[in-house]
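The structure follows.
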Amino acid sequence: MNPTRVLFTVLTVVTATTLLTAIPVTAASPAVDSVVFFPAGNGATYSCSGGPPFVHSGHDASIGNCAFEHVGAPDGLVCDIPTTITFVHDTHQDTEDGRLCH
């Protein structure tokens, strides 16, 4: 068999294998959404896009990555991973302890 042809065949197989194994990994990595519970007072649940830092701004959603969901803990989730959530109001920021839910 011709050595050039063998080399070309090996390179084709390696390239195809690499591409086929990389495609599912890329497709299987969507953006991660997070649920954060802020336990102070009556408690509140926030839905956040992506991971920390978790920031909520009630006046300008473009500042933060978290949106208020409801008062109280989320149903069906365990919220036991310590994290922080920053609340932005006008020019003031307040970072508080929260719990990441899973």
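Just so it is clear, none of the values below were taken in a lab; they were calculated from the coordinates. These numbers come from a predicted model, not from an experiment. Glycine also receives a Cβ, built like all others from the backbone with ideal geometry; neighbour counts cover every protein chain displayed.
Mind listing whichever residues of the range 72-86 are of a type outside the set (Ser, Thr, Tyr) and surrounded by 15 or more Cβ atoms within 10 Å (Cβ to Cβ)?
Ala73, Pro74, Cys79, Ile85
For the range 48-71, give me each residue that is surrounded by fewer than 16 Cβ atoms within 10 Å (Cβ to Cβ) and in a strand (DSSP E or B).
Ser49, Ala67, Phe68, Glu69, His70, Val71
Would you please name the residue that is farthest from the chain's Cα centre (by Cα), looking only at residues in the range 53-71 that are under 13 Å from Thr95 (Cα atoms) and without any contact (Cβ under 8 Å) to a residue 40 or more places away in the chain?
Ser57
Cβ-Cβ under 9 Å, sequence separation 6+ or interchain: first residue in the range 73-99 and farther than 16 Å from Pro39 by Cβ, partner surrounded by fewer than 13 Cβ atoms within 10 Å (Cβ to Cβ). Which pairs?
Val88/Gly58; Val88/His59; Val88/Asp60; Val88/Asp94; His89/Gly58; His89/His59; Asp90/His59
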